[in-house]
Structures are given as structure tokens and as C-alpha cells.
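As C-alpha cells, the structure follows; a few thoughts come after it.
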């Protein structure tokens, strides 16, 4: 407990290394409880639990509120992460600055909620959509409407809701200065649950799909975290292009993460897909088409040029058609259905990659 009554907690990685790389991320959290009436006391009574196991006889701080009308819990967390190549920040100072700045404003819950709602509506209320009505459907709950939609899609209101729900998700998971929305969004249902696919970015389609509607749905600034990631992988992907393919420019395969990895990972049917750079660059161009911002275009032009340089060096001529083609490559997690083989386990496997 700090002198001004906050819980201060530090978190360290559960493992010293992951995939032979040292885990050097640190995280600090500050928790402030403000009670309306009643009393508040601080103590250290709960055993510290690490990965579900009580850690010896150590104890963690605890704040107890008694006989209050209500209590507001304010939480601030930060890590030493700056960018994919820099973890030199002061996590404790950053987390403390966040909560101190908020507390200094002396805002109550209602004021905070009103500010949050106002900020959200500035983005959400930019777009309205009207596709028609079907009163018989609109009295039913969403789950039932979805079930009925399969056999009778005459429910324009449900399509409107679906469109706006997608905008809501993008607003909530991708704001300027944050990381892009990944395969799961930014949440997982349980803090101790190992997130599916490591909460990485599956770049052979999924992360692009998250942002297909960013410009057309009038959420251009929500596109920014993804655009910044494209710039990052253009830097890290230059080494991959050079070392894997002897090519200029930059390349990215089917997966990346917070550290902007760009090499081929996982397995053949998905991993050998060195064409993600082209898909990513389509987003750079899309953003320009909607904004007409030539300053932005000059900023991202080197990234698009590097993508083109990679293909100038990587494409080969197909002797049958004369077309310039990528080889090796595959269709993302797909196969042409032409050939198959039996693997060591005796299972039939479709051929996904041709050389």
C-alpha cells in the first residue's frame, strides 16, 4: 500500500524465456478505491498467488470497504513497452502518471462516464444506415432473429445492427496509439487463460478483415494502429526478404505479433505465404483513396515501393503461361484439391503447396 492509500502491484513474466528469447517485459498496476460513506482500511492478509499456486508465506495488500453506499475502483496499468524494438520505458512511473493525472481532475463516476460516452459517440454517430423494415422480426431478440435469418433473410434491421456492431468493435479495440485489433479483439475471457493463437495477428486474412470496413464505415483513425503495424513489418521484413529470398524490399508471411516477426512459422499449408506485403499495401492505398492526403501518401510510399521491389526480385516466369508468378506460395489455408498423400499417421492429406 502506498502512502496515499493505493495498492501497487508489479508483475513479472511467468517464464524467463519464450522461444529462446529473454522475457524482459515488466508491468506495474496501481489501484485506488474511493468509497462513498463508510470506512476504508488497508492490510496485508491475502497470500500472493502466482499461476494458481500460493507463493510461500508472502502476503499481498488488501483494501477493505465497510458500510459504504458505493465504492469506485480506479485501476491503472502500464508496461515498459515502447515499440517492437524498445522496452526501455519506466512501467511504474507511467502507470503512476496515468492514475495521478486522472485523480488530479477529481472526476466522479458520472462525469467520467459522460466523457467516455461523448468520445465514443463522436465516432459511432458519424454513420447511420437504413435498409428497410420488417416489423415482425424487430420484436424478437437477436438470437432468434439470427436463427430465422438462415431460412428467411428478410430482416434488414438485423443487417443494420450487424454493420453497426462491427463498427462498435473496431472503435473499442483500435484507437490511435494502441495496437491493432487481433484475432480475438483485445479481450480474453479469463486472465489466466492462454489466449488462442497467442493473440497474434493472422495476416493471411484475419487482421485485414478486421479493417476492411475502417474507411467505408467512416472510422479512418481506427485504421491507424494497423497502418502503423504495416510500417513496422516493412522494417523487420527487410531482413526476412534479404535472408530468406535474397530479395530487396520487405516480406511478411502469414503471421506476426507484438514484436513484428515476419518469417515463415507454423506449417507448410499456412506458413509458406510470402505475399502478405501486397495485401497490407492495399490498406495503405485504400486509406489514401478515402483521404486524398498526399502528405500521408508520401509517408507510406517507401513501404509500398519496398513491397514492389520484393516482387521484382521474387517473381518467376511460369513456363506454361508466361505469367510472372510467386513460387513457392499457397492459397491461405486452402488447397487446390488436385493431389493428396498419406502421412505417417495414415491419414489422407491434401497437397497445399506446389514447387
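Which percent of Cα-Cα pairs in region 231-355 sits in each 5 Å bin, short to long?
For region 231-355, the pair-distance distribution reads 2, 10, 17, 19, 18, 14, 10, 6, 2, 1, 1, 0.
Rounded, prolate or oblate: which one fits region 7-106, using the alpha carbon gyration tensor with axes a ≥ b ≥ c (rounded when a/c is under 1.5, else prolate when a/b beats b/c, else oblate)?
Oblate.
How far is helix 156-173 tilted off the main Cα axis of the chain, in degrees rounded to 10, range 0 to 90?
Around 70 degrees separate the two axes.
How tilted is helix 276-291 with respect to the longest principal axis of the chain? Cα atoms for both, answer in degrees (0 to 90, nearest 10).
Tilt of helix 276-291: around 70 degrees.
When the Kirkwood hydrodynamic radius is evaluated over all pairs of different C-alpha atoms of the chain, what value in angstrom, to one decimal, is obtained?
This gives a value of 24.6 Å.
Could you work out the relative contact order of region 257-355, using alpha carbon pairs under 8 angstrom and six or more residues apart, expressed as a whole percent?
For region 257-355, the relative contact order is 27 percent.
Can you sort 256, 178 by how many other beta carbons sit within 10 Å, fewest first?
By the 10 Å Cβ count, ascending: 178, 256.
Treating each Cα of region 83-231 as an identical point scatterer and ignoring solvent, apply the Debye formula and state log10 I(q)/I(0) at q = 0.13, 0.15 Å⁻¹.
Calculated log10 I(q)/I(0) at the listed q: -0.86, -1.07.
For region 107-173, what is the Kirkwood hydrodynamic radius in Å, using each pair of distinct C-alpha atoms?
Its Kirkwood hydrodynamic radius stands at 13.9 Å.
Note the angle between two axes, namely the Cα long axis of helix 294-314 and the longest principal axis of the Cα atoms of the chain, as a number of degrees from 0 to 90, rounded to the nearest 10.
Its long axis makes an angle of about 50 degrees.
So what are the radius of gyration and Dmax for the Cα set of region 162-269, in Å?
Both quantities, over Cα of region 162-269: 14.9, 45 Å.
Determine the relative contact order of the chain: mean sequence separation of Cα pairs under 8 Å and six or more apart, normalised by residue count, in whole percent.
Relative contact order here is 9 percent.
Rule-based calculations on the coordinates, nothing more; no lab input. The model shown is predicted, which means the values in this text are computed figures rather than measured ones. All Cβ positions, glycine included, derive from the backbone under ideal geometry; neighbour counts span all protein chains shown.
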